[in-house]
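The values are calculated or read from the model by the stated rules, or taken from the named source; none is laboratory data. Because the structure is predicted, anything quoted here is derived from the model rather than measured. FYI the Cβ positions are ideal-geometry reconstructions off the backbone, even for glycines, and counts take in every protein chain you see. SASA here: full protein model, heavy atoms, side chains in, ligands and nucleic acids out. Shrake-Rupley method; radii C 1.70, N 1.55, O 1.52, S 1.80 Å.
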Amino acid sequence: MGIVGARRGLEWLLGFYFLSHVPSTLLFDMQLVLPRDFYPIQLRNLLKWYTKEFKDPLLQYPPLWFKSFLFCELVFQLPFFPIATYAFFKGGCKWIRTPAIIYSVHTMTNLIPILSTLLWEDFSKTSAFKGQGPKTFHERLALMCVYAPYFLIPLMLLLFMLRSPYYRYEEKRKKK
């Protein structure tokens with residue numbers, strides 16, 4: 001496959017990641033930030049089904065800190081998704097390096113408290129979640145599997161942008 005083929009394969013994976021982020025952000029995550037009337041009952045019911053099926057307390061009873069992350073997703077990340085989709089599907093867009101690094105670090109930083117809460121919070125004793133949430137290790141693991149890609153793919157993006165010789169800028173020196 002070669003280095004160019006591997007790079008293009010990873011760029012396509014990242015393109016699909018950002019492309020899939022647009023509808024999931026608009027249709028599900030933003031239900032917790034935007035007015036309820038923006039969404040048809042079918043989408044609201046789908047979100048309710050997900051929160052009950054996966055016992056996701058963050059989407060069922062979102063704390064203020066989680067809503068602040070979703071607001072940042074709306075204001076900063078959502079406009080970036082189509083730009084990143086374009087850059088990675090087109091390939092070879094070196095200008096995406098800095099915005100991609102900022103996005104990946106921001107997203108991974110947001111995911112640390114989310115994953116920590118899902119892994120270690122005692123939901124039965126926390127009044128903010130009304131006793132709802134995963135109770136067994138298996139339920140916690142299933143929920144972690146839903147959120148983990150949003151940490152792992154930005155980590156992969158960060159390493160790709162920092163380590164790929166293609167995306168590293170060469171300093172051009174003026175000849176005297």
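For the range 11-25, enumerate the residues that are within 16 Å of LEU78 (Cβ to Cβ) and either touching a Gly at 6+ places or on another chain (Cβ under 9 Å) or open to solvent by less than 70 Å² (accessible area, probe 1.4 Å) (or both).
TYR17, PHE18, SER20, HIS21, VAL22, PRO23, SER24, THR25
Out of the residues in the range 150-171 that are assigned to a helix (DSSP H, G or I) and without any contact (Cβ under 8 Å) to a residue 60 or more places away in the chain, which is most open to solvent (accessible area, probe 1.4 Å)?
The qualifying residue most open to solvent (accessible area, probe 1.4 Å) is ARG163.
For the range 121-147, how many residues meet the condition of being in contact with a helix residue (DSSP H, G or I) (Cβ under 7 Å, 6 or more places away or on another chain), at pLDDT 85 or above and in a loop (DSSP other than H, G, I, E, B)?
2
Could you pull out the residue among LEU119, LEU143 that is of a type in the set (A, V, I, L, M), open to solvent by less than 40 Å² (accessible area, probe 1.4 Å) and in contact (Cβ under 8 Å) with a residue 12 or more places away in the chain?
LEU143
Look through the range 28-60, keep the residues that are under 14 Å from the mean Cα position of the chain (by Cα) and in a helix (DSSP H, G or I), and return whichever of them is surrounded by the most Cβ atoms within 10 Å (Cβ to Cβ).
The residue in question is ASP29.
Can you confirm whether the range 6-14 contains a residue that is in a helix (DSSP H, G or I) and among the basic types (Lys, Arg)?
Looking through the range 6-14, at least one residue is in a helix (DSSP H, G or I) and among the basic types (Lys, Arg).
Between ILE101, ILE114, ILE96, which is in contact with a helix residue (DSSP H, G or I) (Cβ under 8 Å, 6 or more places away or on another chain), outside any loop (DSSP other than H, G, I, E, B), closer than 24 Å to LEU34 by Cα and β-branched (Val, Ile, Thr)?
Being in contact with a helix residue (DSSP H, G or I) (Cβ under 8 Å, 6 or more places away or on another chain), outside any loop (DSSP other than H, G, I, E, B), closer than 24 Å to LEU34 by Cα and β-branched (Val, Ile, Thr) holds for just one of ILE101, ILE114, ILE96, which is ILE114.
How many residues, within the range 59-73, are within 14 Å of LEU118 (Cβ to Cβ) and without any contact (Cβ under 8 Å) to a residue 60 or more places away in the chain?
5
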